[in-house]
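Peer 1: After the structure tokens below, expect a handful of questions from me.
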Amino acid sequence: MATQAEMLAKLQGLATAFNAHDIDAVMSFFAPDCSLDMPRGTEPHGTRFQGKDQVRKGLQSRFESTPDVHYSDLEHFVSGNFVMSKWLLT
């Protein structure tokens, strides 16, 4: 298992990749069998993207529809093997 410091560094790296709008760097943090729930959509969970290809398309659509999107006021949390990031999206 990764250390808390390693997990926090990964979360910071992911945030940096998001703010650079670097989809390849963002996707390097996702496993092949990943899933992502975006907050908007017709389902209670929004829209669910499953698998790396779908997640890439979903995230790329965010960068395309909101080209100046920025994630700030980052807060990262680690508990065991569970991690969470809280971001302010502008």
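Peer 1: Give 1, 27, 7 a once-over and let me know the one that is open to solvent by less than 40 Å² (accessible area, probe 1.4 Å) and touching a residue at least 60 places away in the same chain (Cβ under 8 Å).
Peer 2: Working: 1 fails: open to solvent by less than 40 Å² (accessible area, probe 1.4 Å); 27 fails: touching a residue at least 60 places away in the same chain (Cβ under 8 Å).
Of the residues listed, the single one that is open to solvent by less than 40 Å² (accessible area, probe 1.4 Å) and touching a residue at least 60 places away in the same chain (Cβ under 8 Å) is 7.
Peer 1: Restricting to segment 68-84, give me the number of residues that are over 25 Å from residue 1 (Cβ atoms) and either touching a residue at least 24 places away in the same chain (Cβ under 8 Å) or open to solvent by less than 80 Å² (accessible area, probe 1.4 Å) (or both). Reasoning before the result, please.
Peer 2: Here is the first cut: in segment 68-84, the residues over 25 Å from residue 1 (Cβ atoms) are 68-73.
Then keep just the ones that are either touching a residue at least 24 places away in the same chain (Cβ under 8 Å) or open to solvent by less than 80 Å² (accessible area, probe 1.4 Å) (or both); that gives 69-72.
Of the residues in that region, 4 qualify.
Peer 1: Same structure, new question: Residue 87 versus (1) touching a residue at least 24 places away in the same chain (Cβ under 8 Å); (2) more than 13 Å from residue 11 (Cα to Cα): which is the lone unmet condition?
Peer 2: Failing condition for residue 87: (2).
Peer 1: What residue, of 46, 58, 51, is touching a Phe, Trp or Tyr at 6+ places or on another chain (Cβ under 7 Å), open to solvent by less than 30 Å² (accessible area, probe 1.4 Å) and not basic (Lys, Arg)? Walk me through it before giving the result.
Peer 2: Values: 46 fails: touching a Phe, Trp or Tyr at 6+ places or on another chain (Cβ under 7 Å); 51 fails: touching a Phe, Trp or Tyr at 6+ places or on another chain (Cβ under 7 Å).
Selected residue: 58, the only one of 46, 58, 51 that is touching a Phe, Trp or Tyr at 6+ places or on another chain (Cβ under 7 Å), open to solvent by less than 30 Å² (accessible area, probe 1.4 Å) and not basic (Lys, Arg).
Peer 1: Restricting to segment 32-43, give me the number of residues that are surrounded by 11 or more Cβ atoms within 10 Å (Cβ to Cβ) and closer than 15 Å to residue 89 by Cα.
Peer 2: Step one: of segment 32-43, the residues surrounded by 11 or more Cβ atoms within 10 Å (Cβ to Cβ) are 34-38, 41.
From the residues that got through so far, the ones that are closer than 15 Å to residue 89 by Cα too are 38.
So the count comes out to 1.
Peer 1: Of the residues in segment 60-75, how many are hydrophobic (A, V, I, L, M, F, W, C) and under 13 Å from residue 20 (Cα atoms)?
Peer 2: Residues of segment 60-75 hydrophobic (A, V, I, L, M, F, W, C): 63, 69, 74.
With the extra rule that they be under 13 Å from residue 20 (Cα atoms), the set shrinks to 63, 69.
Going through segment 60-75 one residue at a time, the tally reaches 2.
Peer 1: If you check residue 18 against the conditions, is it farther than 18 Å from residue 86 by Cα and surrounded by 11 or more Cβ atoms within 10 Å (Cβ to Cβ)? Quick ask: steps written out before the conclusion?
Peer 2: Values: farther than 18 Å from residue 86 by Cα: no; surrounded by 11 or more Cβ atoms within 10 Å (Cβ to Cβ): yes.
No.
Peer 1: Which number in (1) farther than 16 Å from residue 83 by Cβ; (2) of a type outside the set (Gly, Ala, Ser); (3) at pLDDT below 95 marks the one condition that residue 36 misses?
Peer 2: The failed condition is (1).
The values are calculated or read from the model by the stated rules, or taken from the named source; none is laboratory data. The structure displayed is predicted, hence computed values, not measured ones. Neighbour counts run over all protein chains shown; Cβ positions are idealised from the backbone, glycine included. Ligands, DNA and RNA are excluded from the accessible area calculation, which covers all protein heavy atoms including side chains. Shrake-Rupley method; radii C 1.70, N 1.55, O 1.52, S 1.80 Å.
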